[in-house]
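Scroll down for the structure; my scribbles are underneath it.
The values are calculated or read from the model by the stated rules, or taken from the named source; none is laboratory data. None of these values were measured; they are calculated from a predicted model. We place every Cβ from the backbone using ideal geometry, glycine too, and count neighbours over all the protein chains shown. When the accessible area is computed, the model is the full protein with side chains, heavy atoms only, and any ligands, DNA or RNA have been set aside. Shrake-Rupley method; radii C 1.70, N 1.55, O 1.52, S 1.80 Å.
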Amino acid sequence: MTQQNRGRVAVIGAGIVGLCTAAFLQRLGCRVTLVDPEEPGTMTSFGNAGAIAAHAVVPMSMPGIWKKIPGWLLTPSGPLAVRPGYAARAVPWLIRFMRAAAHHESQARALAGLYRPAWEAYLELTDAAGASHLLQQAGALTVYETAAAFEGDARARALVRGHGHRVEELDPEALRQLEPGLAPVFTRAAYFPDAAHCTNPGELCRLIAAMVLGRGGEHLRARVAGFELGPEGVVALRTDSGDQHAFDRFVVTAGAWSHRLSALLGERFPLESERGYHMTLPHPGILTERPVIFAERRFMATTMDMGLRLAGTVEFAGLSAAPNWTRADMLVRQARTLFGGIDLSDGRPWMGHRPATPDSLPVIGRSARHRNVFYGFGHGHLGLTGGAVTGRHLAGLAAGRETGLDLAPFRIDRYR
């Protein structure tokens, strides 16, 4: 083991990306400290819809998306909302988002290369963490209420197939055989047989964190307020209480807060919080065998250990605004139409901050300004999908190894 690999590494942010990064760093001989004011995995990573979707190569911004956004914004129960007081701050990001559609093919190539080994990367960690029982490979479905919506996604399905993933197009009867609990309101469906999911994202995070800490990792419960620079790079982080902690390398995996930390290091990036909501129904009376995406309504249902989780919608309101729980209630109202005889009682709402980039590509790689700083954030609604593969790449970079993936599309300075 080289002296470099034995150095101390601060992983700032203990969501799924940070936890996987820490676990892979330990496998390479690094001494790891998780830096997060909260318990590992209890923020955004806790509440996602559980998908591990290597086939999710389609960027959020596709040609024609600009035609849909006004209708979504004008519909109170629509999949996209912008708080009136936040609109001026959201517009620059939304303009970049719409412009990104012109480059969807190159973005899809980059996403395909990144996410292709998503399932295998998790298997490297979950056996050792005692978490294998939380992962299932049962495929995933996207269901359509109208033929027009199904045809409108033909380009997206072609992208998925073009990058080597299987897609099966189903009629209503074939869909009923796969998911009999769905209401008979769907005209077509797309089935992705190789997709996987996690039945308890919070528990997955807890078990990986326990493994990291059990192998000598530390958890510094603090919020990073700044960094100290030396002639060779960053030498220490400073917490909001004024304490300084020295490390050899620093990995920023703080989700939707990451751009605030990169700005402290002189690297600005247009990251936005896609505030997502979920409602978990503890005894729905109906379960799905696999994640189901409702195409027109832009949300997802996944059966988990704690019930049926309805998750989705996008709200732009920043990192500080209080939740708008009507966004979660909206999911419940729609579920009444989409599932036959579902029990909607006792639902538990939640809101989290998805870290979204305009081009759907996360930031992964070495800082453009500081040789011992590395970034891993901005996975949007694919944080769980990207957790292990991103962690493996970041650990390799921080340990001075080649990653085997062209990380140029994911560089932090691509919006200069």
For helix 201-214, report the angle its Cα long axis makes with the longest principal axis of the Cα atoms of the chain; keep it between 0 and 90° and round to the nearest 10°. 20
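How much space per residue, in cubic angstrom, does the convex hull of the C-alpha atoms of region 330-414 take up? Numbers along the way, then the final one.
Details: hull volume 12.4 nm³, N = 85.
Expressed per residue, the convex hull around the Cα atoms of region 330-414 is 146 Å³.
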Compute log10 of I(q)/I(0) for region 211-263 with the Debye formula, placing one identical point scatterer on every Cα and leaving out solvent, at q = 0.14, 0.17, 0.21 Å⁻¹, to two decimals. -0.42, -0.61, -0.90
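Hey, with R₀ at 35 Å, roughly what FRET efficiency would Gln137 and Arg268 work out to, going by the Cβ-Cβ distance, to 0.05?
Efficiency computed from Cβ-Cβ geometry: 0.35.
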Equivalent-ellipsoid semi-axes of region 24-162, from the Cα gyration tensor, Å, largest first: 33, 22, 17
Could you state the number of Å between the C-alpha centres of region 115-186 and region 80-98? 30
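May I ask for the percentage of alpha-carbon pairs in region 143-301 that lie more than 29 Å from each other? Write out the running numbers ahead of the final one.
Working: 5934 of 12561 pairs.
Tail of P(r) above 29 Å: 47 percent of Cα pairs.
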Amide H within-cut-off set for Asp343, under 5 Å, with H built and near neighbours excluded: Gly285, Ile286
Treating each Cα of region 129-196 as an identical point scatterer and ignoring solvent, apply the Debye formula and state log10 I(q)/I(0) at q = 0.12 Å⁻¹. -0.37
FRET efficiency for Arg333 and Arg83 from the Cβ-Cβ distance with R0 = 25 Å, rounded to 0.05, comes out at 0.75
Quick one: the Cα spread of region 1-81 along its three principal axes, in angstroms, biggest first? 56, 28, 19
Evaluate 2.2 N^0.38 Å with N set to the residue count of region 82-223, then give the Cα radius of gyration divided by it. 1.39
Using θ = phi - 60° and the Karplus relation 6.51 cos²θ - 1.76 cosθ + 1.60, list the HN-Hα couplings for region 150-167 in order, rounded to whole Hz, with x at every Gly or Pro. 4, 5, x, 9, 4, 5, 5, 5, 5, 4, 4, 4, x, 9, x, 9, 7, 9
Point-to-point label distance, Ser320-Ala154, nm (Cα→Cβ direction, 7 Å offset): 4.9
In the chain, if every C-alpha pair distance is counted and binned at 10 Å from zero, what percent goes to each bin? 5, 23, 34, 26, 10, 2, 0
Spread of Cα-to-Cα distances over 5 Å intervals beginning at zero, given as percent, for region 148-238: 3, 9, 11, 11, 11, 9, 8, 7, 11, 10, 6, 3, 1, 0
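Rounded to the nearest 20 debye, what is the charge dipole size of the chain about its Cα centre when +1 sits on each Lys and Arg Cβ and -1 on each Asp and Glu Cβ?
On the way: 44 positive and 37 negative charges, 222 e Å.
Magnitude of the dipole: close to 1060 debye.
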Counting only heavy atoms of protein chains, what accessible area per residue, in Å², does the chain have with a probe of 1.4 Å? 41
So what J values fall out for region 235-247 if you push phi through Karplus, 6.51 cos²θ - 1.76 cosθ + 1.60 with θ = phi - 60°, rounded to Hz, Gly and Pro as x? 10, 7, 10, 10, 8, 5, 8, x, 6, 10, 10, 8, 9
Checked against the positive end of the charge dipole of the chain (+1 on Cβ of Lys and Arg, -1 on Cβ of Asp and Glu, about the Cα centre), the farthest of Ala128, Phe192, Gly216 is Gly216
Alpha carbon centroid spacing (whole Å) that separates region 17-34 from region 228-272: 17
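Could you give the size of the charge dipole of region 197-344 about its Cα centre, using +1 on the Cβ of each K and R and -1 on the Cβ of each D and E, expressed in debye and rounded to the nearest 20? Write out the running numbers ahead of the final one.
Values: 16 positive and 16 negative charges, 71 e Å.
It works out to roughly 340 debye.
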Just to verify a number: FRET efficiency for Arg215 and Glu169, C-beta to C-beta distance, R0 = 35 Å, to 0.05? 0.15
Do the sum for the chain: with -39,500 (n - 2.57) for every DSSP H run of n ≥ 4, divided by all residues, what is the mean residue ellipticity at 222 nm, to the nearest 500 deg cm²/dmol? -9500 deg cm²/dmol
